[in-house]
1. In the stretch 146-160, how many are part of a strand (DSSP E or B) and open to solvent by 10 Å² or more (accessible area, probe 1.4 Å)?
2. Of these, Ile25, Ile29, Ile39, which one is touching a residue at least 24 places away in the same chain (Cβ under 8 Å), open to solvent by less than 40 Å² (accessible area, probe 1.4 Å) and of a type in the set (A, V, I, L, M, F, W, C)?
3. Counting residues that are open to solvent by 20 Å² or more (accessible area, probe 1.4 Å) and either modelled with pLDDT of 80 or more or in contact with a Ser or Thr (Cβ under 6 Å, 6 or more places away or on another chain) (or both), which strands (runs of 3 or more DSSP E) fully inside the stretch 63-145 reach at least 3?
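The values are calculated or read from the model by the stated rules, or taken from the named source; none is laboratory data. None of the values given here were measured: they were computed from a predicted structure. Here the Cβ positions follow ideal geometry from the backbone for every residue, glycine too, while neighbour counts run over all protein chains shown. Keep in mind that these areas ignore ligands, DNA and RNA; they rest on the heavy atoms of the full protein, side chains included. Shrake-Rupley method; radii C 1.70, N 1.55, O 1.52, S 1.80 Å.
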Amino acid sequence: MDWIEGIGYLGTVLTISATAMSTMIPLRIISLCASCAVITYGILIGSMPVVLTELIQMPFNAYRLWQMLRLVRDVETAADGDLSLEWLRPFGSRRPFGIGEVVFRKGDTADEMYYIESGAFRIPEVGIEVRKGGIVGELGLLAPGNARTASLVCVEAGHALCVSYSDVKQLYYQNPEFGFYFLKLTSERLFQSGQRSPEPATAADTL
């Protein structure tokens with residue numbers, strides 16, 4: 001076996017190793033290394049289809065790696081003191097709500113959380129109002145039975161970013177570091193809301 005074949009086998013080993021990775025960041029890094037090895041091998045043996053295939057795959061892997069690294073960085077920053085959940089914006093859908101619209105009722109199954117972008121929302125059971133920057137429902141992901149403990153009604157037309165629990169769980173499974181910082185963030189929000197008097201932007205964290 002000469003050195004050219006050695007590069008080809010290295011690319012094969014790295015490709016197989018990438019498929020065995022259970023978390024996203026190592027998978028993307030190994031995939032990029034595998035692409036570099038396979039491209040080098042393809043050039044040396046004059047196989048342009050091999051080179052072209054890897055050149056197409058590399059930008060996708062590089063973008064996903066950058067996206068996940070940025071997500072972990074933003075969640076870590078939030079967990080270190082900035083309790084904003086702006087970093088979830090790329091993973092949610094913006095939804096309009098009209099006056100009097102019931103977002104959810106007490107006892108409903110909780111399957112998503114809401115980041116208030118505009119308007120005003122009221123929790124009738126406790127008389128708390130949630131406005132821009134407020135978060136509602138993130139702790140339902142951790143609550144037994146995932147049941148809503150109160151209702152939420154729109155009292156001033158606006159928009160909310162809706163993020164499903166399934167998306168949050170997918171991010172957690174792809175990167176345990178994200179899961180750690182998310183749990184840290186929600187815990188800090190819970191402790192802070194319990195230590196101070198209810199405020200419009202954060203008091204709904206117990207839903």
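1. Qualifying residue count, the stretch 146-160: 5.
2. Ile25
3. 93-97
Listed here are the residues, each with its yes/no results for (1) more than 26 Å from the chain's Cα centre (by Cα); (2) modelled with pLDDT of 85 or more; (3) more than 12 Å from Ala62 (Cα to Cα); (4) part of a helix (DSSP H, G or I).
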residue: Met1; (1), (2), (3), (4): yes, no, yes, no
residue: Gly6; (1), (2), (3), (4): yes, yes, yes, yes
residue: Thr12; (1), (2), (3), (4): yes, yes, yes, yes
residue: Ala18; (1), (2), (3), (4): no, no, yes, yes
residue: Ser22; (1), (2), (3), (4): no, no, yes, no
residue: Arg28; (1), (2), (3), (4): no, yes, no, yes
residue: Cys33; (1), (2), (3), (4): no, yes, no, yes
residue: Val38; (1), (2), (3), (4): yes, yes, yes, yes
residue: Ile43; (1), (2), (3), (4): yes, yes, yes, yes
